[in-house]
Amino acid sequence: MAFFDLSGKHALVTGATGPLQRALAIALAEAGADVSLTTATNEMAEEVQANSILNECWSIGRRGEALTVALADEPALSDAIAGLEARIAPIDILVNAAHAAPILPFLDTSSEHDAAAFTAGVASVLTPTRVVGRGMVERGSGRVINLASILHDRGVPNCALYSATQGAIVGFTKSLGIEWIRSGVTVNALGIGFYEDLPGPQHDAEIHAALERYIPLRRLGEGSDLQGAVVYLASDEAGFVASELIVVDGSITAHG
Amino acid sequence: MPILDRFDLSGRTAIVTGAGSNLGREMSLALAEAGADIVGVGRRPEPLEETGAMVRDHGRRYLARSTDVTDSSDVNAMVAEAIAEFGTIEILVNNAGGGSAGRGKTLSELTDEDWHEGINTNLTSAFFCSRAVVEHFVEHGFGRIINVTSGWGYRGARHRFMYPISKAGVISLTKALAMSYARENIRASCIAPGAFPHELTPEVENRSGLQPAGRFGRLEEIGPLAVFLASDASEYLSGETVLIDGGAIAAGLTPAGMVPATGEAN
């Protein structure tokens, strides 16, 4: 393919323990990038996932490491990123794929839920962007790609807190995209709808069937559906795409 | 399938309107580079042939078809010829458009002709071409339609009627196509280019400071987006409009270069 070659670039995919994050990481590796990951804890299940993703990247000849770090802990993250960049290479592509989906009736939530949701859903995007983005701006090139649910502008019951965090991500993407574009760093978002592999009501069989009728493309999304968009946005070819949200949702937002 | 292979367009044929120059030529060349054969459509034959020579340099087949895309019988004949030549058509890029119909006129000054010219050039042309290929797409259970709108399709401006209205129509056409033919494996998407000057003269380049990116779009930046949207790598994306404008629409009417004062409020 004449386009979208990511060879020689180093990508960091955060929250890389789920199937969507796996698909994003593998796509970047297949397109040529070295890929590193972050996980939130040392729990066995996360480590197994992260190692399995890394193994797949290594098996096609890429380098990369997994870091266990709290994304919203700026001093800890700064140290971890400095070490990673020294060992592998400066990060060219940051995919903020760490994603939390708090689903609760709003009256069942408290200010503790708010704080947790904004730490997991917003600070975990802002902090890595600040830490990794500083170097990108200094070097005059970089790609930041944020995962954002279409709930940033669609309403669903029991998702008020989730929607609030997603609105924050989209607003952040738009302003920072303008702030950094002249530095050669683009900031964009990848919009997702109902995906098989995300937490949410779709795991109920009846709701799943209803969603298959509701989504114009007649199926829920899978990680592989995001691979084209993430590689496009990460590539040199997308240097004039900034502050944009590319929605890959089976066409939900075009009609619903 | 590895991701880069999913961008490959080998064995597919794309009709590109307005293929004789600028964005249309660039998209034709990028699609060809990704593997597609091209039907170049436009009004004047010579520029279409120039595009054709470049497409053939990529080793692809090319048919130039001089067509008035605002004339439905000409459009229908063009599509029939393209199918006869290539067997199947998989991709349609509705790029033809532009024009300055009624520009600067007040509402009461706009003539019927201004209205029809503005709508026909940008919207009717995309409607005619889409209608002409859709049954073929349905028959083959595959189709990709890429429309081209503009940032003007999102926003209003004083005494600018025809161009923004017709370009907003193109965004809406994209959604209607996406909804109507989703079950037939037809996808419709839309590219919204920001400022891509046809000629980057020093005089034009001096105005690039008005852009959030501090520069205009470069012609070669449009083609890869068309490749992505025409390919299987965007299988789950439809009805969507993708801005490629260096942040211009996101920045809105913010005065160029304006950076709000930072620091503690006092």
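The values are calculated or read from the model by the stated rules, or taken from the named source; none is laboratory data. Everything numeric in this text was worked out from a predicted model, so none of it was measured. Please note: Cβ atoms are built from the backbone with ideal geometry, for glycine as well, and neighbour counts cover all protein chains shown.
Scanning the stretch A:91-145 for residues that are hydroxyl-bearing (S, T, Y), out of contact with any strand residue (DSSP E or B) (no Cβ under 8 Å at 6 or more places or on another chain) and in a helix (DSSP H, G or I) returns A:S111, A:T119, A:T127. From the list A:D5, A:D34, the lone residue that is acidic (D, E), away from chain B (no Cβ under 14 Å) and in contact with a helix residue (DSSP H, G or I) (Cβ under 9 Å, 6 or more places away or on another chain) is A:D34. Listed conditions (1) within 14 Å of chain B (Cβ to nearest Cβ); (2) under 19 Å from A:Q21 (Cβ atoms) are all met by A:Q166, apart from (1).
Has the stretch A:14-37 got at least one residue that is over 17 Å from the mean Cα position of the chain (by Cα) and either of a type in the set (V, I, T) or farther than 19 Å from B:L4 by Cβ (or both)? For the stretch A:14-37, residues over 17 Å from the mean Cα position of the chain (by Cα) and either of a type in the set (V, I, T) or farther than 19 Å from B:L4 by Cβ (or both): absent. Could you list, ordered by first residue, the pairs with Cβ atoms under 7 Å in which the first is in the stretch A:193-218 and farther than 20 Å from B:M179 by Cα and the second is of a type in the set (F, W, Y) and assigned to a loop (DSSP other than H, G, I, E, B), at least 6 apart or interchain? Partner pairs satisfying both residue conditions: A:G200/A:F194; A:Q202/A:F194.
Taking A:S243, is it in contact with a strand residue (DSSP E or B) (Cβ under 7 Å, 6 or more places away or on another chain) and on the phi > 0 side of the Ramachandran plot? Answer is yes for this residue.
What about B:R103, is it more than 13 Å from B:T13 (Cα to Cα) and part of a strand (DSSP E or B)?
Against the criterion (more than 13 Å from B:T13 (Cα to Cα) and part of a strand (DSSP E or B)), B:R103 does not qualify.
On inspection, B:N147 fails the criterion of being out of contact with any Asp or Glu (no Cβ under 6 Å at 6 or more places or on another chain), within 14 Å of another protein chain (Cβ to nearest Cβ) and at positive phi.
Okay, residues lined up against (1) touching a strand residue (DSSP E or B) at 6+ places or on another chain (Cβ under 6 Å); (2) surrounded by 15 or more Cβ atoms within 10 Å (Cβ to Cβ); (3) of a type outside the set (V, I, T):
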| residue | (1), (2), (3) |
| --- | --- |
| B:S73 | no, no, yes |
| B:A80 | no, no, yes |
| B:F86 | yes, yes, yes |
| B:R131 | no, no, yes |
| B:H136 | no, yes, yes |
| B:I146 | yes, yes, no |
| B:A157 | no, no, yes |
| B:R160 | no, yes, yes |
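Quick check: anything in the stretch A:38-60 under 23 Å from A:R143 (Cα atoms), among the hydroxyl-bearing types (S, T, Y) and either crowded, with 23+ Cβ neighbours inside 10 Å or at pLDDT 90 or above (or both)? Yes, because at least one residue in the stretch A:38-60 is under 23 Å from A:R143 (Cα atoms), among the hydroxyl-bearing types (S, T, Y) and either crowded, with 23+ Cβ neighbours inside 10 Å or at pLDDT 90 or above (or both). The residues of the stretch A:1-60 that are under 22 Å from A:L147 (Cβ atoms) and of a type in the set (S, T, Y), listed by number, are A:T14, A:T17, A:S36, A:T38, A:T39, A:T41, A:S52.
If you go through the stretch B:188-243 and keep only what is part of a helix (DSSP H, G or I), buried (at least 24 other Cβ atoms within 10 Å of the Cβ) and facing chain A (nearest Cβ under 7 Å), you end up with B:P224, B:V227, B:F228, B:A233, B:S234. Among the conditions (1) in contact (Cβ under 8 Å) with a residue 60 or more places away in the chain; (2) over 30 Å from B:H140 (Cβ atoms), the only one that B:P193 does not satisfy is (2). For the stretch A:202-247, taking the residues that are in a helix (DSSP H, G or I) and among the polar types (S, T, N, Q), the one that is farthest from the other protein chains (Cβ to nearest Cβ) is identified as A:Q202. Consider the stretch B:118-129 and keep the residues that are in contact with a Gly (Cβ under 8 Å, 6 or more places away or on another chain) and more than 12 Å from B:I165 (Cβ to Cβ). The one that is surrounded by the fewest Cβ atoms within 10 Å (Cβ to Cβ) is B:S125. The C-beta contact set for the stretch B:79-92 (first residue in contact (Cβ under 8 Å) with a residue 60 or more places away in the chain, second residue among the small types (G, A, S), distance under 6 angstrom, 6+ apart or interchain) comprises B:V79/B:A132; B:I89/B:A82; B:I91/B:A14; B:I91/B:A230.
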